[in-house]
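Trainee: Right, I'll just put the structure down here and ask away after.
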Amino acid sequence: MVSHSELRKLFCSADAVCFDVDSTVIREEGIDELAKFCGVEDAVSEMTRRAMGGAVPFKAALTERLALIQPSREQVQRLIAEHPPHLTPGIRELVSRLQERNVQVFLISGGFRSIVEHVASKLNIPPTNVFANRLKFYFNGEYAGFDEMQPTAESGGKGKVIKLLKEKFQFKKIVMIGDGATDMEACPPADVFIGFGGNVIRQQVKDNAECPSFLPLPANPFRS
């Protein structure tokens, strides 16, 4: 278990911090909220639980869940407008402190870009620092699949994004924070993985994360 003082040391030594979004930056799982909105909550929630635990390859789980949900463009827009995601307590302040110290902050999510960009806007994170999956729609707005070429659409995708960030920006130390198996497997190439259990605890992450943390996100990780 990582203490507050150890978390401070990790944040102080990083030049980039990458956050998962669902159940980390926000309290919900975006795809489960979309499923609930579209009336297929129960079946999709069980698939999400297995996917986040690493029992099912991520792309297969994403394909199966979206095939059940079949979300239209209008439904996605209405979900964001009527049921916006709730930020995890402390995350707004934490991101602000990181940015004040010129630490680059990225959102790397297996969720949907339309929802993640909405979250990013609340945290003053530019769209260029968002990596997430893109839903596709037909001209009439009906669901047409998702962009399978996005690295975040498959297992190991978050690690690929971090590798690209290191190559592009020459970051020396990247910290990855998340609740799920796809976050944990991003280290390496991330230099440190913090398993966050503040919203939901994934047993595989709790058992295997190098730095499991079930503390609230520190609003100011740079203050003793």
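The values are calculated or read from the model by the stated rules, or taken from the named source; none is laboratory data. As the structure is a computational prediction, the values presented were derived from the model and not from experiment. Virtual Cβ from ideal backbone geometry, glycine too; neighbours counted across all protein chains shown.
For (1) touching a residue at least 60 places away in the same chain (Cβ under 8 Å); (2) in the same structural domain as VAL175 (by the TED database), each residue gets a yes or a no:
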{"position": "VAL17", "(1), (2)": "yes, yes"}
{"position": "SER45", "(1), (2)": "no, no"}
{"position": "LYS59", "(1), (2)": "yes, no"}
{"position": "LEU66", "(1), (2)": "yes, no"}
{"position": "GLU74", "(1), (2)": "yes, no"}
{"position": "LEU79", "(1), (2)": "no, no"}
{"position": "GLY90", "(1), (2)": "yes, yes"}
{"position": "LEU94", "(1), (2)": "yes, yes"}
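Trainee: I need a count of the residues in the stretch 63-82 that are exposed (fewer than 15 other Cβ atoms within 10 Å of the Cβ), among the small types (Gly, Ala, Ser) and at pLDDT 90 or above.
Mentor: Qualifying residue count, the stretch 63-82: 1.
Trainee: A follow-up question, please. Does the stretch 164-190 hold any residues that are assigned to a helix (DSSP H, G or I) and hydrophobic (A, V, I, L, M, F, W, C), and which are they?
Mentor: LEU164, LEU165, PHE169, ALA181, MET184
Trainee: Turning to a different aspect of this structure: If LYS166 passes every condition in (1) within 14 Å of the chain's Cα centre (by Cα); (2) under 20 Å from ILE194 (Cα atoms); (3) surrounded by fewer than 19 Cβ atoms within 10 Å (Cβ to Cβ) but one, which one does it miss?
Mentor: (1)
Trainee: Quick test of your reading of the structure: LEU164 fulfils all but one of (1) touching a Ser or Thr at 6+ places or on another chain (Cβ under 7 Å); (2) hydrophobic (A, V, I, L, M, F, W, C); (3) more than 27 Å from ILE80 (Cα to Cα). Name the failing condition by number.
Mentor: Unmet for LEU164, out of (1) touching a Ser or Thr at 6+ places or on another chain (Cβ under 7 Å); (2) hydrophobic (A, V, I, L, M, F, W, C); (3) more than 27 Å from ILE80 (Cα to Cα): (1).
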